[in-house]
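Visitor: What follows is a single structure, and I will ask about it in a moment.
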Amino acid sequence: MTDLRTFLERVRETRRSDLLEIDHEVDPRYETAAILTKLEERQRSPILQFRRVKGCALPLVTNVCGSMGRLAMALGCSLKDVATRYAQAAEQQIASITVGEAPCQQVVLAGDAVDLGMFPQLVYHADDADAPYITAAIVVARDPETHRTNLSYHRLMIAGRNRTGIYMEKGRHLDAIFGKYVAQGQDMPVAVFIGAHPAWSLGALYAGSADVEEYDVIGGLLGEPLEVVASTIHPDLPVPARTEIVLEGHVSHRDTIAEGPFGEFTGYGTGVTRTPVLHVEAITHRREPVFQDIVSGHMEHLVLSMPALEHRTLREARKVTAGVSRVALVAPLSAVIALRKTDDEEPRRLIEALLEGDIYSKQVIVVDDDVDPNDLRAVMSAMALQTQADRAVHVLPDRQGTPLDPSCSSAEGRTAKLGIDATRPLRAARAVTRNRIAQDVLDRIDVAALLRRR
Ligand SMILES: Cc1cc2nc3c(=O)[nH]c(=O)nc-3n(C[C@H](O)[C@H](O)[C@H](O)COP(=O)(O)O)c2cc1C
């Protein structure tokens, strides 16, 4: 059985340098985020295990998924195969199985015993709201019409012993489900789990049809069914049996709260918004639980989102043309697509479909498939050497983007979008040749012998 604990144990045994255990007392207010920042400045991104957290009896672990290498390890594949492995798992889903008793319910706290003050009171950035946040929170909800469950991460701003703000981005599945409860004048029952094996996190982030059960994608990623248990107050909301902590409650269809500012994945905070309130009615947890955290806007936040978002972009791109070979999300809201095109209009169609289809697609660059989309120098070279801007640049004004984009002038996230077709024309306007040295000449050169002679 795999869970956060078994993953941490494997890292400790097999990738010792990926784990930093910190024994002195740390302040959850700014200090843990500062430690991670300092390490990232030195190109280091280990898992951080804080044994003593000021004002809190629980140990804290952050940055579990802070490197693609660790995600590859969790999926049992090499670094270059993460995208393929993710796609396979999404195709070969494995249904979860329900168990009657579970470690995550070893301790049950309800009523007056509920106190979110028992968790580390984490504040990250100098300009964030002066309120603690829970960021590694995976929210489980059920669609009242389709009865499908949905999993997704949502930042929770602690606003009292048993209340948090919950940020649900417009247009995402949880927001759509919440809208259905609101339309019926009802609160949305939720269970929120904290403490996940990286494969659970990657599965929870699956981005695609709402008909897909994220628990089944997790099974595909693990190669075995995930064991789940009914949460104590909502029997139809399953949570992973071996998670660390579960918050059970409901999101009010009426109450809202001022939430933020909060430094997001873009590296920016975009002010205060009003979000619905999550009322926590019960907390269940394992004995001696570990509290998991993700420092917002840092490496882990980006790395963790990558497989699911690249998979979605690849799927959407291939609906337009089968010639798409690779997708790289090289920066927030920015995708580079490698394409073997069959007509010169194909890149434009691809650009329009992607920019229109997703609020997180703001810039799309299409390159020929002999260009590595992850190699930004190669991409810039293609833009400079294969394109004429008056034909290659497509601007789509006033489209729906994300309000988390700091350049949007309105809180609604309306934005202009940009596409660049950096592919060579199929028929070149004038004869050009690519610098090339004939293979037979290359074959005559013995580099090893040349270097030995030095
Ligand atoms: C660390 C982390 C934090 C996130 N926080 C939020 C959040 O606060 N609100 C939100 O709407 N989406 C958040 N997301 C993104 C959603 O989890 C993601 O869009 C969702 O899993 C996929 O959307 P779907 O359910 O519409 O398919 C976060 C993602 C990560 C990796």
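Conditions tested, residue by residue: (1) β-branched (Val, Ile, Thr); (2) under 25 Å from residue 303 (Cα atoms).
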| position | (1), (2) |
| --- | --- |
| 144 | no, no |
| 173 | no, yes |
| 193 | no, yes |
| 209 | no, yes |
| 224 | no, yes |
| 230 | no, no |
| 233 | yes, no |
| 236 | no, no |
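Visitor: Still on this model: Residues in region 160-171: is at least one within 8 Å of the ligand (Cβ to nearest atom), touching a His at 6+ places or on another chain (Cβ under 8 Å) and not in a strand (DSSP E or B)?
Guide: Within region 160-171, one or more residues are within 8 Å of the ligand (Cβ to nearest atom), touching a His at 6+ places or on another chain (Cβ under 8 Å) and not in a strand (DSSP E or B).
Visitor: Please enumerate the residues belonging to region 175-198 that are surrounded by 24 or more Cβ atoms within 10 Å (Cβ to Cβ) and either within 21 Å of residue 145 (Cβ to Cβ) or among the small types (Gly, Ala, Ser) (or both).
Guide: Listed by number, the residues that qualify are 177, 188, 190, 191, 195, 196.
Visitor: Separate question: Answer with yes or no whether residue 307 is in contact with a Lys or Arg (Cβ under 9 Å, 6 or more places away or on another chain), assigned to a helix (DSSP H, G or I), surrounded by 19 or more Cβ atoms within 10 Å (Cβ to Cβ) and modelled with pLDDT of 95 or more.
Guide: Yes: the conditions hold for residue 307.
Visitor: Any idea which of 440, 398 is assigned to a helix (DSSP H, G or I) and either of a type in the set (Lys, Arg) or exposed (fewer than 15 other Cβ atoms within 10 Å of the Cβ) (or both)?
Guide: 440
Visitor: Could you grab me the full set of residues in region 329-352 that are surrounded by fewer than 20 Cβ atoms within 10 Å (Cβ to Cβ) and more than 22 Å from the chain's Cα centre (by Cα)?
Guide: 340, 342, 343, 344, 345, 348, 349, 352
Visitor: List every residue pair whose Cβ atoms lie under 6 Å apart, where the two residues are 6 or more positions apart in sequence or sit on different chains, the first residue falls within region 300-313 and is more than 8 Å from the ligand (Cβ to nearest atom), and the second residue, located anywhere, is in a helix (DSSP H, G or I).
Guide: 303/68; 307/82; 307/86; 307/202; 310/83; 311/86; 311/87
Visitor: Another question, then. Hey, among the residues in region 414-427 that are of a type outside the set (A, V, I, L, M) and buried (at least 20 other Cβ atoms within 10 Å of the Cβ), which one's farthest from residue 172 (Cα to Cα)?
Guide: 423
Visitor: Let me ask something additional. When region 416-448 is examined, which residues are found to be within 30 Å of residue 364 (Cα to Cα) and of a type in the set (Val, Ile, Thr)?
Guide: Within region 416-448, 420, 423, 432, 433 meet the criteria.
Visitor: Mind checking which strands (runs of 3 or more DSSP E) fall wholly inside region 172-278 and carry at least 2 residues that are away from the ligand (no atom under 14 Å from the Cβ) and under 22 Å from the mean Cα position of the chain (by Cα)?
Guide: 238-240, 245-259
Visitor: Write out, first by first residue and then by second, each pair whose Cβ atoms fall under 7 Å of each other, whose residues are 6+ apart or on separate chains, and whose first residue, in region 198-211, is of a type in the set (Ser, Thr, Tyr) while the second is near the ligand (Cβ under 6 Å from one of its atoms).
Guide: Filtered contacts from region 198-211: 201/304.
Visitor: Further, regarding this structure: Considering region 314-344 alone, what residues qualify as being within 16 Å of the ligand (Cβ to nearest atom) and in a helix (DSSP H, G or I)?
Guide: Correct list: 314, 315, 316.
Visitor: Let me ask something additional. Answer yes if at least one residue in region 373-395 is among the aliphatic types (A, V, I, L, M) and in a strand (DSSP E or B), and no otherwise. First the steps, then the outcome.
Guide: Here is the first cut: in region 373-395, the ones among the aliphatic types (A, V, I, L, M) are 376, 378-380, 382-385, 389, 392-393, 395.
Remaining after also requiring in a strand (DSSP E or B): 393, 395.
Among the residues of region 373-395, at least one is among the aliphatic types (A, V, I, L, M) and in a strand (DSSP E or B), which makes the answer yes.
Visitor: So if I check each of 127, 112, 143, which one is farther than 22 Å from residue 222 by Cβ and free of Cβ contacts under 8 Å to residues at least 24 places away in the same chain? Spell out how you get there, then give the answer.
Guide: Values: 127 fails: free of Cβ contacts under 8 Å to residues at least 24 places away in the same chain; 143 fails: free of Cβ contacts under 8 Å to residues at least 24 places away in the same chain.
So the residue among 127, 112, 143 that is farther than 22 Å from residue 222 by Cβ and free of Cβ contacts under 8 Å to residues at least 24 places away in the same chain is 112.
Visitor: Which of the residues that make up region 134-154 are farther than 18 Å from residue 95 by Cβ and either near the ligand (Cβ under 8 Å from one of its atoms) or within 16 Å of the chain's Cα centre (by Cα) (or both)? Explain how you work it out, then say what you get.
Guide: If we filter region 134-154 for residues that are farther than 18 Å from residue 95 by Cβ, which is where we start, we get 134-139, 141, 144-145, 152-154.
Hits for region 134-154 are 134, 135, 136, 137, 138, 139, 152, 153, 154.
Visitor: Now for a different question. Please go through (1) surrounded by fewer than 15 Cβ atoms within 10 Å (Cβ to Cβ); (2) touching a Leu at 6+ places or on another chain (Cβ under 7 Å); (3) touching a residue at least 60 places away in the same chain (Cβ under 8 Å) for residue 406 and return the number of the only condition it doesn't satisfy.
Guide: Of (1) surrounded by fewer than 15 Cβ atoms within 10 Å (Cβ to Cβ); (2) touching a Leu at 6+ places or on another chain (Cβ under 7 Å); (3) touching a residue at least 60 places away in the same chain (Cβ under 8 Å), only one is false for residue 406: (2).
Visitor: Among the candidates 131, 137, 126, single out the residue that is touching a His at 6+ places or on another chain (Cβ under 8 Å), closer than 26 Å to residue 269 by Cβ and modelled with pLDDT of 95 or more.
Guide: One residue alone meets the criteria, 137.
The values are calculated or read from the model by the stated rules, or taken from the named source; none is laboratory data. Note that the coordinates shown come from a computational prediction; the quantities given were computed from them, not determined experimentally. Note that we place each Cβ from the backbone using ideal geometry, even for glycine, and neighbour counts take in every protein chain shown.
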